[in-house]
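Participant: I am attaching a structure below and will ask some questions about it afterwards.
The values are calculated or read from the model by the stated rules, or taken from the named source; none is laboratory data. Please read all numbers here as calculations on a predicted model, not as lab measurements. Positions of Cβ are generated from backbone atoms using ideal geometry, with glycine treated the same way; all protein chains shown enter the neighbour counts.
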Amino acid sequence: MVNRKTIQEIFILLSISVGLAMLVNFFSPRGIALVGQWDTSQGVITASPSGTEEEKPEEINSVARAMEIFDNGNVLFVDARSQDNYEDGHIPGAISLPVGQFDEQIESLLNRYSSDQPIVTYCSGRTCEDSHDLAQFLSDAGFTNVRIFIDGFPGWEAKGYPIE
Amino acid sequence: MCGFSSTASRAGKRKGTRLSNLRQSIGNNSWIELTARWILGLTFIYASAYKIVSPADFAKIVYGYGLFPTGLINLIAIIIPFLELVGGLALLLGFYPRSAAVIINALLLAFITVLSINLIRGHEFDCGCFSAGQSGYFSSPKVAVLREMIYFILGLQVILFGGIRRISIKSLRR
């Protein structure tokens, strides 16, 4: 049933697929690296790696550090997760701004806070990039002091820090 | 005793012939082949679209299965959608249809295996991410396994079909 000719044809179809895949991925603006960053101990997982092991100053990569910032006060924590997740529990004083509803809600945020308001975004930890997206959007909207707490709500909760 | 058993075996043979006739008439019905091929082709072209547009999201889904070495996740996420697209197009147009069906069925077998392993070990990945939650990617894994098994049977029909295929680039040349 599957004879030599079929095997040749399969090989042709596979070659076309792989070739096309590499070509499109290379030229597409949404293409990804050939090897991603999928180790949560190295930071937030993502299909496109940071490239070099450069420090990311905007990332807060320990829960204790996030707590220090929280204790200093004056910092606005912004929850990038869905409204439901936010209502189930969030960092005390945090406001909800689901990254998917950014466009509808950014106006009121801009009205309430000055652009130099220190902001820390967070989401569901290192398997989640939403806090990074939100931080990017906030910077684009004009906020100048935005950082990302990469361990997010699960990391915070696991340490037994207060939630509301 | 002897007579009885020979009657029984003759009856069995007749039944066997009828069954194999039925199998042949389904297996070699060119309209069924065309339907199976087009359903599979359109389904896989459709399924590839979102993954091709959002490879990073698809890579995260691949990661979420928790079965692949981290070095291969991106490559899997880059290549699988194009196997689906090229396989689907080939089925739709009847270009190397049998070979395309072999590729599609290999993919289906892989999907079924991955989903079943995670069903059995009760592994469900939820990154709590907004994008993944919104894309509505997952139906229930059980439903998905069942659906892919049906597709697999359609694929077998296309592979085993022995007649002249309707509306097919390659069958015109034969």
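Participant: Can you confirm whether B:SER116 is more than 7 Å from chain A (Cβ to nearest Cβ), assigned to a helix (DSSP H, G or I) and free of Cβ contacts under 8 Å to residues at least 40 places away in the same chain? Before you say what the answer is, go through the steps one by one.
Facilitator: Values: more than 7 Å from chain A (Cβ to nearest Cβ): yes; assigned to a helix (DSSP H, G or I): yes; free of Cβ contacts under 8 Å to residues at least 40 places away in the same chain: yes.
Answer is yes for this residue.
Participant: Check whether at least one residue in region B:12-20 is within 21 Å of A:THR127 (Cβ to Cβ) and either over 18 Å from the mean Cα position of the chain (by Cα) or more than 9 Å from every other protein chain (Cβ to nearest Cβ) (or both), and report yes or no.
Facilitator: Checking region B:12-20: not a single residue is within 21 Å of A:THR127 (Cβ to Cβ) and either over 18 Å from the mean Cα position of the chain (by Cα) or more than 9 Å from every other protein chain (Cβ to nearest Cβ) (or both).
Participant: Quick check on this structure: which one of A:ILE95, A:ILE119, A:ILE163 is touching a Gly at 6+ places or on another chain (Cβ under 6 Å) and either modelled with pLDDT of 95 or more or among the β-branched types (Val, Ile, Thr) (or both)?
Facilitator: Values: A:ILE95 fails: touching a Gly at 6+ places or on another chain (Cβ under 6 Å); A:ILE119 fails: touching a Gly at 6+ places or on another chain (Cβ under 6 Å).
Answer to the check: A:ILE163.
Participant: Is it the case, given these coordinates, that A:VAL18 is touching a helix residue (DSSP H, G or I) at 6+ places or on another chain (Cβ under 7 Å), crowded, with 16+ Cβ neighbours inside 10 Å and in the same structural domain as A:THR127 (by TED's automatic domain parsing)?
Facilitator: no
Participant: Before we move on, is A:SER114 more than 10 Å from chain B (Cβ to nearest Cβ), small (Gly, Ala, Ser), free of Cβ contacts under 8 Å to residues at least 12 places away in the same chain and over 23 Å from A:GLU157 (Cβ atoms)?
Facilitator: On the way: more than 10 Å from chain B (Cβ to nearest Cβ): yes; small (Gly, Ala, Ser): yes; free of Cβ contacts under 8 Å to residues at least 12 places away in the same chain: yes; over 23 Å from A:GLU157 (Cβ atoms): yes.
Considered against the rule, which asks whether it is more than 10 Å from chain B (Cβ to nearest Cβ), small (Gly, Ala, Ser), free of Cβ contacts under 8 Å to residues at least 12 places away in the same chain and over 23 Å from A:GLU157 (Cβ atoms), A:SER114 comes out as yes.
Every residue, every condition in (1) closer than 30 Å to B:LEU75 by Cα; (2) within 10 Å of chain B (Cβ to nearest Cβ), yes or no:
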residue	(1), (2)
A:LEU34	yes, yes
A:ASN61	yes, no
A:ASN72	no, no
A:VAL78	no, no
A:ASP88	no, no
A:LEU97	no, no
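Participant: Among the residues of region B:124-143, is there at least one that is over 30 Å from A:GLN101 (Cβ atoms) and at pLDDT below 95? Please lay out each step first, then the result.
Facilitator: Within region B:124-143, the first condition is being over 30 Å from A:GLN101 (Cβ atoms), and the residues that meet it are B:142.
From what is left, the residues that are at pLDDT below 95 are B:142.
Yes, some residue in region B:124-143 is over 30 Å from A:GLN101 (Cβ atoms) and at pLDDT below 95.
Participant: From the set of residues in region A:36-48 that are in a loop (DSSP other than H, G, I, E, B) and more than 7 Å from chain B (Cβ to nearest Cβ), which is surrounded by the most Cβ atoms within 10 Å (Cβ to Cβ)? Before you say what the answer is, go through the steps one by one.
Facilitator: Residues of region A:36-48 that are in a loop (DSSP other than H, G, I, E, B), as a first pass: A:36, A:38-39, A:43-45, A:47-48.
So of that shortlist, the ones also more than 7 Å from chain B (Cβ to nearest Cβ) come out as A:43-44.
Numbers: A:GLY43: 16, A:VAL44: 22.
In this case the residue turns out to be A:VAL44.
Participant: Moving on. Which one of B:SER48, B:SER99 is touching a Leu at 6+ places or on another chain (Cβ under 8 Å) and within 30 Å of A:CYS128 (Cβ to Cβ)?
Facilitator: On the way: B:SER99 fails: within 30 Å of A:CYS128 (Cβ to Cβ).
It is B:SER48.
Participant: When you scan region A:130-164, how many residues do you find that are among the β-branched types (Val, Ile, Thr) and over 18 Å from A:GLY93 (Cβ atoms)? Please lay out each step first, then the result.
Facilitator: So in region A:130-164, the residues among the β-branched types (Val, Ile, Thr) come out as A:144, A:146, A:148, A:150, A:163.
From what's left, over 18 Å from A:GLY93 (Cβ atoms): A:144, A:150.
Selection size over region A:130-164: 2.
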